[in-house]
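Have a look at the structure below before the remarks.
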Amino acid sequence: MSSATAVSEHTPVHHSGESTGVTNAKLGIWLFLASEIMLFSTLFTTYIVLRLGAASWPRGWDVLNVPLGMINTFVLITSSVTMVMAYAKAHEKNLKGFQTYMSLTIFLAFVFLINKGIEYSAHFRHNEFPSTSIFHAVYFTLTGLHGLHVIGGIIVNSTLLYLSKTDFDHPLFLGRVEGAGLYWHFVDIVWIFLFPALYLL
Amino acid sequence: MAHEHQDSQAHKSFYSYFFSTDHKVIGLLYIVTALMFLLCGFMLMLVMRWQLAFPGSPIPLLGRILSPSLAPNGVMTPDFYNALGAMHGTIMVFLGIVPLGVGGFGNYVLPLQIGAEDMAFPRLNLASYWFFLLGGLLMLSSFILPGGAAQSGWTSYPPLAIINPGQTVWLFAMVMLITSSLLGAINFLVTSFNLRAQGMKLSRLPIFVWAQIVTAFLLLLAFPPLEAASVLQLMDRIAHTSFYLPQGLVILGMRHIASGGGQPLLWQHLFWFLAHPEVYVLLLPAMGIVSEIIANNTRKPIHGYNVIVGSMIAIGILAFVVWAHHMFISGMSAVLSDFFLVTTMIISVPSVAILTSFVFSLRGGSIRFTTPMLFALAFLPMFGIGGLTGLPLGLTVTDIYLHDTYYIIGHFHYIVVPGSLLALMGGVYYWFPKWFGRKMDDTLGKWHFWTSLICMNGVFFPMFIQGLAGQDRRYYDPMAALHSVPTQPLHVVSSAFAGLLFLSQIPFIYNFFHSISHGEKVGDNPWQATTLDWACPSPPPHGNFTKPIRVYHGPYEYSLAGQKTDWAPQNEEVLA
Amino acid sequence: MSASAVASNEHSSHGPNVRAYMTVFGALLFLTVVTVLVSYWHLPIKMAVAVALAIATLKSALVAAVFMHLKGERIIIYGLLGMTVFFVLFLIAGPSFDVVDVGGHAVHAPVAMQAEK
Amino acid sequence: MKQYGWGLPLGASSYAGSIDFGIYLIHAVMILIFVIWGVFFTYLLIKYRKKTGMSARRDEAHGVVKSLIPDIIVMVFEIVLIAVYAIPVWSKIKIDTPPSGKANMVAIEAQQWSWNIHYPGPDGKFGKTDPKYVHFSNPIGLDYNDPAAKDDIVIANELHLPVDKPTIIELTSMDVIHSLFIPEFRLKQDAVPGMKIPVWVTPTKTGTFEISCAQLCGMAHSFMRGKVIVQSQADYDAWLKSEAPKAAAASVPASEAF
């Protein structure tokens, strides 16, 4: 996750040349997200191609735990809202509010991971591994990579929470929160597509 | 080696050099590292060329040193040959040309040309270099790791890549290299969009910067699919999934354990979705360098600035929709082939437009045949040959016969070696005075140029003849197939020229390191160039520019009427 | 125009709108419930894909427009995303077209030797 | 005509001529373009070399449009080439496979590192195969419980074909990707595991030709060769008959034979 943290470098304040009007950090994050879109699109392409070419493909509800998946969807959506609230509080210069919402976001991310862990371990107990079938390969790889992105988000958000003690009034702090938020919402959007693709179709 | 010469020059410590966030230091690190990797990749090829010229005879000298598992009695094994081939391709593309053109020249020159103090994200820049260096070293070290180096070609087609040893390290190294490129691409794009000097509108950017912008977009959007595809291949190898493995594989009489259900062609689609844009990543920076050098040495504006920039953008977009012309005979839908045939022919249009614009730039000029100019000029016919021979390969029907023969080897090597690499070397001669405040020796440079040009043609031209005779590529023993026996003598010719090509790099290496401390001292703008990179001291200090920079006009205002000099720097107002 | 001036300018005109966030939150929860409920009907696969894709697109559009402040964003970001989506369409369409193999002759269906049942 | 030399090998299939035509045409055009371009390039270099007292002359704006003329010529040539040559001939070779009823049928199951040629035998039907029957005496895993398999002939690396009759080759692979390349036929097609790819050819000359593998397939890639023996219909039928007893002997299931 070096990319997410390191892009929060700043435009030299005295820079008075031509620019796009979007701050460096924000432009950098959007470019990063564009590449992430390509990454996850490739994974979805894989899913589509393998499913189209498969002799048979299980329906998600037969092999996966839909209620647990739905709860996780709620958790991630809620964490997206708390993230954007943390941004709103940072915008108001309300340190206490920011820290509360940011902690909540991180907490929800952990809830998501724990839920995922419960799901995974249930699969493993039933002797279902990525090598079991092509469906399981797709399921574990896609959710696993998404999970890595969630972990990345936790690291970024925790860093910001920690930094808020000292740097909250730094002129660039808000931009960093915004960047972390963009990333976190993107992780949410990926799940919004992953959930129906794997569980409901 | 990289830090050695810097020590003598600026008395910098190892630490401050390898961990500097200055784009110029990182750029030079990239250039020197990439040149080293190029040399490594080239030497691997020399070993292969011995086997091709004299199949089954012991390799001189090296044969005695290599372990018996690689070369019993000094004769290389087929597996070792395949490993050399795979690593040659990977190193040259991902560790040689791309880091040289993008990481090296892009890093050093781009911020200077737009009038920036540094990259937008200097620490990210450093991280990008370290990912590249470590990925590269991991890739190289796979030769001595258990399992050996990858031996499934640089294209790593599954299922072969999944059952062959050595591939895991290749995949890990690739993921690191891809990460490096992605970080670099983000940095380049933010820098060139946001850090331009006052007055440096997009329409005033030097073509080199445009080339870097298009290249960065290609890297940014084409590399993630390969990253994902590599992760899937890694899963196939480590977690025994079967993304690329169909059901019921029987390998050497043994049933394979994978559950099946995968698609071997999926990898090819995802791989070429990257690897075709990658071709333009190899090419565009070279074209950018050529436009800088040509404008400077003809003493007139480049012909058709808008045409060239427009064509580069068109190439950038079209590069994403031509990938499957590498798959005409792969078993892909024959109807889809027709679609990709059409897009492939369309992409040749902007390439021709760029080449014609370069040629027309010569008309009316006052051409100075400086060393960099020789390299830039040679790029034109060489790229021409490479491009023209792409025609029968891009055409579905003729590709049936020519696919996977030496013809294609000749074709893409013409694009990359006497094309791109020659232009990049021209770039070294051109910007060397900026890096060190001294010029490289002209006589040695001209020797280097002519010998390299002749030898490169000697190596690659015979391949067209071999390809037309039907000689298959990636053959350990070219004599094994009857139809390639008559053209076998051409392998000897190629190999001899490859050896000579190696020798002809010696003047360059000597010239490079000698000139750092002993070259002729020159001023800040020895080529009398107009772009901003020549408006700062040589070598530029930290922060680059000693005075505030403001841009008044386009990049190539040479030979304006009524001026004292025949060049008008971008940062100086032209008084009518 | 200086970058810092732009930044402050931007933030004052599109400051956080908590009411919009809460509305979107409600919509997202509602749409999640809808998509799960629809799946219990066990629609024919083509229809199910269409419905699920439509709902997922709507949800992500809401997140992008409101949470990610894409509504009222600068043109360069739109350009970047538009280009990315354009390439994504090709990335998905190419291999998918190949595997369903419209009009071509290669057969992706399991070869006889693989049908082990 | 010599079979192999420094140019294209002997052409021995119905569509070899069409492919050769394209290769010759494109090369002629390529050389023409390169020579004209090269002369112009050299002329520019000599005429506009640096001379004392002569400064460079800046372009006029309208020159840009003129410089796009080569582009238009190339584009027109390519459009014609695609529309008149590439798409129709490609359809003929790769899309319009002759109807399987009238054609001679062969299946090739490639493996590391040989070509298993699978003839359907007198009944014209390929027997089922299954990896679980793979055995050194039964390399492609023919299922002899299937009546269609009883008369099937499997021979490594020897492809017999009748002359002047279309043959459809059903190409697949058992392990990695290989590529069937018969230079004299101008035929090349990857053999992909999990896919059955039909390719067709009508040999026009009798003789012995070469099969080589054109896709890297591992250690012995360069040694993965086979023979194509094109015979008159009568010779071909006689050969098929002579192979029939071997097929019958092989069809005793391995488990029972041992």
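The values are calculated or read from the model by the stated rules, or taken from the named source; none is laboratory data. A quick note: this is a predicted structure, and the numbers were derived from the prediction, not measured. Here the Cβ positions follow ideal geometry from the backbone for every residue, glycine too, while neighbour counts run over all protein chains shown.
What to note about this one:
- Single match in D:Gly38, D:Gly17, D:Gly53 (criterion: out of contact with any strand residue (DSSP E or B) (no Cβ under 7 Å at 6 or more places or on another chain), under 30 Å from B:Asn297 (Cβ atoms) and assigned to a helix (DSSP H, G or I)): D:Gly38
- Residue within the stretch B:451-460 that is surrounded by fewer than 22 Cβ atoms within 10 Å (Cβ to Cβ), among the hydrophobic types (A, V, I, L, M, F, W, C), at the interface with another protein chain (Cβ under 7 Å from one of its Cβ atoms) and not in a strand (DSSP E or B) present: no
- One residue from D:Ile46, D:Ile19 being under 30 Å from B:Val335 (Cβ atoms) and either of a type outside the set (Ser, Thr, Tyr) or surrounded by 15 or more Cβ atoms within 10 Å (Cβ to Cβ) (or both): D:Ile19
- Residue match in the stretch B:169-183 (condition: crowded, with 24+ Cβ neighbours inside 10 Å, in a loop (DSSP other than H, G, I, E, B), touching a residue at least 60 places away in the same chain (Cβ under 8 Å) and hydrophobic (A, V, I, L, M, F, W, C)): no
- Criterion: surrounded by 13 or more Cβ atoms within 10 Å (Cβ to Cβ), out of contact with any helix residue (DSSP H, G or I) (no Cβ under 6 Å at 6 or more places or on another chain) and under 25 Å from B:Asn297 (Cβ atoms) - qualifying residue of B:Pro537, B:Pro507, B:Pro526: B:Pro537
- In the stretch B:138-171, the residues that are among the aromatic types (Phe, Trp, Tyr) and either facing another protein chain (nearest Cβ under 8 Å) or farther than 19 Å from B:His88 by Cβ (or both): B:Tyr157
- Helices (runs of 4 or more DSSP H) wholly inside the stretch B:298-417 containing at least 3 residues that are more than 26 Å from B:His483 (Cβ to Cβ) and within 14 Å of chain C (Cβ to nearest Cβ): B:305-318, B:334-362
- Meets criteria (polar (S, T, N, Q), touching a helix residue (DSSP H, G or I) at 6+ places or on another chain (Cβ under 7 Å), under 25 Å from B:Gln268 (Cα atoms) and in a helix (DSSP H, G or I)) for B:Gln233: yes
Each row is one residue, and each column tells you yes or no for (1) facing chain B (nearest Cβ under 8 Å); (2) in a loop (DSSP other than H, G, I, E, B); (3) over 32 Å from the mean Cα position of the chain (by Cα).
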{"site": "D:Ala28", "(1), (2), (3)": "no, no, no"}
{"site": "D:Ile33", "(1), (2), (3)": "yes, no, no"}
{"site": "D:Tyr43", "(1), (2), (3)": "no, no, yes"}
{"site": "D:Arg58", "(1), (2), (3)": "yes, yes, yes"}
{"site": "D:Val64", "(1), (2), (3)": "yes, no, yes"}
{"site": "D:Val74", "(1), (2), (3)": "yes, no, no"}
{"site": "D:Glu78", "(1), (2), (3)": "yes, no, no"}
{"site": "D:Ala83", "(1), (2), (3)": "no, no, no"}
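- Residues in the stretch B:141-165 that are in contact (Cβ under 8 Å) with a residue 60 or more places away in the chain, in contact with a helix residue (DSSP H, G or I) (Cβ under 7 Å, 6 or more places away or on another chain) and either among the small types (Gly, Ala, Ser) or over 22 Å from B:Val279 (Cα atoms) (or both): 9 in all.
- Among the conditions (1) more than 27 Å from A:Val49 (Cα to Cα); (2) within 11 Å of chain D (Cβ to nearest Cβ); (3) among the hydrophobic types (A, V, I, L, M, F, W, C), the only one that B:Leu284 does not satisfy is (2).
- Listed by position, the helices (runs of 4 or more DSSP H) inside the stretch A:33-150 whose residues that are within 20 Å of the chain's Cα centre (by Cα) number at least 3 are A:66-92, A:95-125.
- Number of positions in the stretch B:114-151 that are surrounded by 24 or more Cβ atoms within 10 Å (Cβ to Cβ) and within 21 Å of the chain's Cα centre (by Cα): 7
- Among residues of the stretch D:121-149, those that are away from every other protein chain (no Cβ under 11 Å), buried (at least 18 other Cβ atoms within 10 Å of the Cβ) and not small (Gly, Ala, Ser), counted: 1
- When D:Gly194 is tested against the conditions (1) surrounded by 24 or more Cβ atoms within 10 Å (Cβ to Cβ); (2) on the phi < 0 side of the Ramachandran plot, the lone failure is (2).
- All positions within the stretch D:85-108 that are out of contact with any strand residue (DSSP E or B) (no Cβ under 7 Å at 6 or more places or on another chain), part of a loop (DSSP other than H, G, I, E, B) and either aromatic (Phe, Trp, Tyr) or farther than 21 Å from B:Met332 by Cβ (or both): D:Pro99, D:Gly101, D:Lys102
- Output for the stretch D:1-26, where each listed residue is at the interface with another protein chain (Cβ under 8 Å from one of its Cβ atoms) and among the hydrophobic types (A, V, I, L, M, F, W, C): D:Trp6, D:Leu8, D:Ile19, D:Ile23, D:Ile26
- When B:Ile186, B:Ile213 are checked against the criterion of being within 8 Å of chain A (Cβ to nearest Cβ), at pLDDT 95 or above and either in a helix (DSSP H, G or I) or under 16 Å from B:Gly316 (Cβ atoms) (or both), B:Ile186 stands alone in meeting it.
- The one condition from (1) surrounded by 22 or more Cβ atoms within 10 Å (Cβ to Cβ); (2) within 8 Å of chain C (Cβ to nearest Cβ) that A:Leu174 does not meet is (1).
- Selection status of B:Leu126, more than 14 Å from chain D (Cβ to nearest Cβ), over 25 Å from B:Gly261 (Cα atoms), in a helix (DSSP H, G or I) and out of contact with any Ser or Thr (no Cβ under 8 Å at 6 or more places or on another chain): no
- Test: residue in the stretch B:66-77 that is within 11 Å of another protein chain (Cβ to nearest Cβ) and free of Cβ contacts under 8 Å to residues at least 12 places away in the same chain: yes
- Subset of the stretch D:214-241 [more than 14 Å from chain B (Cβ to nearest Cβ) and part of a helix (DSSP H, G or I)]: D:Gln233, D:Ala234, D:Asp235, D:Tyr236, D:Asp237, D:Ala238, D:Trp239, D:Leu240, D:Lys241
- The set of residues in the stretch B:244-286 being surrounded by fewer than 24 Cβ atoms within 10 Å (Cβ to Cβ) and assigned to a loop (DSSP other than H, G, I, E, B) consists of B:Gln247, B:Leu252, B:Gly253, B:His256, B:Ile257, B:Ser259, B:Gly260.
- Selected residue (criterion: farthest from the other protein chains (Cβ to nearest Cβ)) from residues of the stretch C:60-71 that are of a type in the set (A, V, I, L, M, F, W, C) and part of a loop (DSSP other than H, G, I, E, B): C:Leu70
- Only residues that are farther than 21 Å from B:Gly41 by Cβ and buried (at least 20 other Cβ atoms within 10 Å of the Cβ) were counted across the stretch B:479-504, and they come to 5.
- Within the stretch C:72-88, being over 16 Å from the mean Cα position of the chain (by Cα), more than 7 Å from chain A (Cβ to nearest Cβ) and not charged (D, E, K, R) holds for C:Gly72, C:Ile75, C:Gly79.
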